[in-house]
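Just so you know, all these numbers are worked out from the coordinates, no wet-lab data involved. Since the structure is predicted, the reported quantities are computational estimates derived from the model, not experimental observations. In this analysis, Cβ positions are derived from the backbone assuming ideal geometry, glycine residues included, and neighbour counts consider all displayed protein chains.
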């Protein structure tokens, strides 16, 4: 019996008691953390008079659907924003995952001249603040005719740097023996990549894809800089627009905020274990 | 041998798309930005652009808004150590002894994934100066003159700091939780048998043990505090006055509100250098408190 177990067996009741109190305290703290979400949801169903009532009415007396109607079927429809955001996030994420995984394989498994130098260059690129790139990209995109199109948002995200890092990190953990024996059997890089690495790295790739999707979905800054036509707006920009147009429609604002966080909350609820473990492992290993 | 050569060529094909893309969308703009910072480029086409040498850099020295944005940015940084410290505490508690650890972990992490501007608008109403739940609660607790939060120059940055700390804390918790798995149980137990109190163990055993992670979180957090401006742009637009204008926001506004693209590039380059310098300082300062 280890010393650890001995201590536990000495006073099992006391430890459980402590644990219970800590659980209650931490649950309470956790609730405080997500209270803004409850307030947002509850306010989105309220009539103007009820919004700032105190004590807070967490469950509105009547569920007023008006704010949600204004968000989805009003002058600025969230259906348009949703469609734009889905298009950009899906194409951007799919591209980033594929091109990122290929490059990650190259950096992890294919020895070539200057590989380390190139990798350091990638590392340095990650430190560059996006603001430094906004102005030159604006000029370039205007010149190339993709300013104020969705391509201005999609193209840069496809060439992910962080994704190359993340997936390379995982590829490095795949034993060399596996790819070497495949190599000896006559399989080329393409077969090794598609038939061995991609299936083995499924969890890492899925985690990256989910995170990348949420980054793309939440990307407000690029949309702000590169889009000016209302019908091209993404969800965050549409939300911003809605708030500017109807600055006193608080319930509508909260309905719009609810609409814009909904997909990410759903994805998180479904995949939270993978997301959290993926984030944790990438950082601790790196 | 020929086959090996061909495989080598195929190898390049794997990285080529990424290299081309990164060159077009990262490397070239970075160099272009450097060039722009020495010009008076304005408007997208840049007609009539000239090289003006160091003029933009001289202008920064006398730019009142730049100076304010610079200091605001350092004030804004406070949210990083706050979120790291609280994140550490929550992680220690979650790690040590709670039921439903995974569910609680998820609850704390959620804000991190959520769009900062969506949640910024929620906070904006929570912080409403006269009717918002936060001030109403403060008043009912006996605070006669609660702060005006986002609507007054003296408190606006603190409201932003609270929002940002709240948002990034979950990330810190998750990273700490993972790191805490590496702290040997036996070590903590040996200390507790020697009569060390729980907080002493946390302070003198656990904290030094995860100090490399603390450094990592500080570096990431500080770098992001000089990059992200979406929340501030959406919620206050840098105001009232310039009380919440930070450097990245000032770059954005100079470029896309006033279309002074050359000058905006100069500020952006300075911003880059500031991030670089602070990261370097943190890296050099680690000897004093980081243990590997």
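The residue B:198 and residue A:98 beta-carbon pair, evaluated with R₀ = 60 Å, returns a calculated FRET efficiency of approximately 0.75.
What order, most packed first, do the peptides B:143-149, B:216-222 have when packing is the mean number of other Cβ atoms within 10 Å of each residue?
Details: B:143-149: 14.4, B:216-222: 20.0.
Taking the mean over residues of other Cβ atoms within 10 Å, the ranking is B:216-222, B:143-149.
Legend: mean number of C-beta atoms from other chains within 10 angstrom of residue C-beta atoms, peptide B:25-37, equals 6.
In percent, rounded to a whole number, the relative contact order of chain B is 28, using alpha-carbon pairs under 8 Å and six or more apart.
Where in the range B:245-270 does the label zone of residue B:52 land, with the point 7 angstrom along Cα→C-beta and an amide N cut-off under 13 Å? Answer for the range B:245-270: B:259-267. Report note on the peptides A:218-224, A:98-104, B:11-17, B:78-84: ranked by the mean count of other C-beta atoms within 10 Å, highest first, their order is A:98-104, A:218-224, B:78-84, B:11-17. Shielding of peptide A:182-195 by partners, expressed as the average count of other chain Cβ atoms within 10 Å per residue Cβ, is 2.
At 10 °C and 1.306 mPa s, grab the translational diffusion coefficient of the protein assembly as shown from Stokes-Einstein with a Kirkwood Rh over Cα pairs, rounded to a whole number in µm² per second.
Rounded, D is 61 µm²/s.
Each of residue B:211 and residue A:79 was given a label point 7 Å from its Cα along the Cα-to-Cβ line. The distance between the two points is 6.0 nm. Ranked by the mean number of other Cβ atoms within 10 Å of their residues, highest first, the peptides A:249-256, A:29-36 fall in the order A:249-256, A:29-36.
Within a 10 angstrom radius of each residue's Cβ in B:219-230, how many Cβ atoms of other chains show up on average? Whole number is fine.
Numbers: counts 1, 1, 0, 0, 3, 1, 0, 2, 7, 5, 6, 9.
Average per residue, whole number: 3.
In this simple spin-label model, placing a label point 7 Å from the Cα along the Cα-to-Cβ direction at both residue A:200 and residue A:86 gives a separation of 3.6 nm. Which one of A:260, A:42, A:229 has the biggest mean-square fluctuation once chain A is modelled by GNM with Cα springs under 10 Å? Greatest mean-square fluctuation among the candidates belongs to A:229.
Springs join every pair of Cα atoms under 10 Å in this Gaussian network model of chain A, and among A:214, A:179, A:47 the largest mean-square fluctuation is at A:179. The Rg/Rh ratio of the range B:64-288, with Rg taken over Cα atoms and Rh as the Kirkwood radius over Cα pairs, comes to 1.03.
Determine the equivalent ellipsoid of the range B:2-61 by diagonalising the alpha-carbon gyration tensor, then write out the semi-axes as square roots of 5 times the eigenvalues, largest first, rounded to whole Å.
Details: eigenvalues 345, 28, 14 Å².
Over the Cα atoms of the range B:2-61, the ellipsoid semi-axes are 42, 12, 8 Å.
Subtracting the Cα-Cα distance of residue A:180 and residue A:119 from 0.36 nm times their residue separation leaves 19.7 nm of extension gain.
When chain B is treated as a GNM, springs tying every alpha-carbon pair under 10 Å, which of B:141, B:104, B:36 comes out with the largest mean-square fluctuation? Evaluated over chain B, the most mobile residue of the options is B:141.
Model label points for residue B:100 and residue B:137, set 7 angstrom from Cα along the Cα-to-Cβ axis, are 1.9 nm apart.
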